[in-house]
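Peer 1: Quick one: the structure is below, questions incoming.
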Amino acid sequence: MDFGLVLQTDPPATTVIELMRRAEARGFRYGWTFDSAVLWQEPFVIYSRILEHTERLIVGPMVTNPGTRTWEVTASTFATLNDMYGNRTVCGIGRGDSAMRVAGRKPNTLARVGEAIDVIRDLAEGREAVVDGVTLRFPWIRDGRLPVWMAAYGPKALALTGRKADGFILQLADPFLTEWMVRAVRTAAAEAGRDPDAVTVCVAAPAYVGDDLTHAREQCRWFGGMVGNHVADLVQRYGEHSGAVPESLTAYIKERAGYDYSHHGRAGNPDTAFVPDEIVDRFCLLGPPEAHIEKLRALRALGVDQFAVYAMHDAKEATIDAYGEHVIPALSD
């Protein structure tokens, strides 16, 4: 199993770079960041510095979207980083939640996401693609490679992921829901004539190592609110009891009152009081290293290829170090 570190690009950027260097030294293979231009600093500028100060780390957004940048600009940015540092990027993509809504726009349609996946990958790898009716190709690309992984929860998004994406990003670490969603992605891949096992599966969730579960839950409760914000869209689209989305994912948001993006992805988010301890425990990895190892082995058995650690809490360095000392070696067997 591979491991990734997920950070927000809060200033100073030097702290993000140093944490990524620390993660690579502890055995992490991927460095991810949020991508929301209003809430945080521009990630692609910071990726260039991360790549310069690491040797093997693969970097990318978790996740970008097709609406905040034109597709040829997104592809050219990835391709330039790859040309400079040797194909060490990955494009995580989704509909665009905070990035679009904070700017007063609606998230992108799935049709637009699907088209963008093909266009961005083709352009970044040196092939022709049509953008707004114009055929484009970057003449300077040689041996470029850009895997595109899609973040998804709902049935249509999962199906699109299986049909088009190189990887699937699932932002929660509940084994039951992971099994359900991985099956949906792989079924769609098989129906599209693809090898379902060729779709990389990345589970991303907060991890907090320590014996004080009460404190760990409070540091990670924000994640249930973030997931609940996505789930609320699904409930509105499909209905609470439609069967399109497992009830174990939708039931806990009944007490949800609203969501303020100024607290998005941050410990102490006041909009997450509705999230019960049970959801925090299910969606996150908490407790001593042995508890993390046990849950990660269960996820690996379900086909998870990477666990990406959300480190938006007060123990970033300690979590990175504990994973490097205890968890990553145990999952390399």
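The values are calculated or read from the model by the stated rules, or taken from the named source; none is laboratory data. These figures come from a predicted structure and were not determined experimentally. Here the Cβ positions follow ideal geometry from the backbone for every residue, glycine too, while neighbour counts run over all protein chains shown. Keep in mind that these areas ignore ligands, DNA and RNA; they rest on the heavy atoms of the full protein, side chains included. Shrake-Rupley method; radii C 1.70, N 1.55, O 1.52, S 1.80 Å.
Peer 1: Only helices at least 15 Å long along their axis, Cα-based, and averaging 0.0 or more on Kyte-Doolittle count here, so list those DSSP H runs from the chain.
Peer 2: Values: long enough: 13-25 (18 Å, 0.18); 71-85 (21 Å, 0.05); 110-124 (21 Å, 0.70); 175-191 (24 Å, 0.25); 213-238 (35 Å, -0.40); 289-301 (18 Å, -0.55).
Result, helices passing both filters: 13-25, 71-85, 110-124, 175-191.
Peer 1: Calculate I(q)/I(0) for segment 110-214 by the Debye formula, one identical point scatterer on each C-alpha and no solvent, and give its log10 at q = 0.14, 0.21, 0.23 Å⁻¹ to two decimals.
Peer 2: These q points yield log10 I(q)/I(0) values of -0.63, -1.05, -1.16.
Peer 1: Could you list log10 I(q)/I(0) for the chain at q = 0.15 Å⁻¹, which the Debye formula gives when each Cα is one point scatterer?
Peer 2: Cα-only, vacuum Debye calculation for the chain: -1.34.
Peer 1: Work through the residues other than E115 whose Cβ is under 14 Å from its Cβ and net out their charges, Lys, Arg +1 and Asp, Glu -1. Display every interim value, and only then the final one.
Peer 2: Details: positive: R95, R112, R121, R163, K164; negative: E72, D118, D122, D132.
Every neighbour counted, the sum reads +1.
Peer 1: Another one. If packing is taken as the average count of other Cβ atoms within 10 Å, what order do 303-313, 76-86 fall into, highest mean first?
Peer 2: Numbers: 303-313: 23.1, 76-86: 19.1.
Top of the packing list down: 303-313, 76-86.
Peer 1: Also, quick follow-up: Given R₀ = 51 Å, what would the calculated FRET efficiency be for V130 paired with E247, taking r from the Cβ atoms and rounding to 0.05?
Peer 2: On the way: r = 41 Å, r/R0 = 0.81.
That pair, V130 with E247, gives E of 0.80.
Peer 1: Once neighbouring chains are kept in place and the probe is 1.4 Å, which whole percent of the accessible area of the chain is contributed by carbon and sulfur? Walk me through the intermediate numbers first.
Peer 2: Numbers: 6570 of 13470 Å².
Using a 1.4 Å probe with all protein chains present, the chain comes out at 49 percent carbon and sulfur.
Peer 1: Let me know the longest stretch in the chain that avoids all trypsin sites (Lys or Arg not before Pro) found in a DSSP loop with at most 13 other C-beta atoms within 10 Å.
Peer 2: Details: sites that count: R56, R105, R137, R142.
Answer - 143-333.
Peer 1: Loop by DSSP (not H, G, I, E, B), at most 12 other beta-carbon atoms within 10 Å: where is the longest site-free stretch of the chain for GluC sites (Glu not before Pro)? Mind dumping the intermediate values first?
Peer 2: Details: sites that count: E55, E128.
Between exposed loop sites, the widest span is 129-333.
Peer 1: Next question. Which value, in Å², gives the accessible area per residue of the chain when a 1.4 Å probe is used on the protein heavy atoms?
Peer 2: Values: 13470 Å² over 333 residues.
I get 40 Å² per residue for the chain.
Peer 1: Further, regarding this structure: Cα centroid distance between segment 286-315 and segment 74-119, in Å?
Peer 2: Centre-to-centre distance over Cα atoms comes out at 26 Å.
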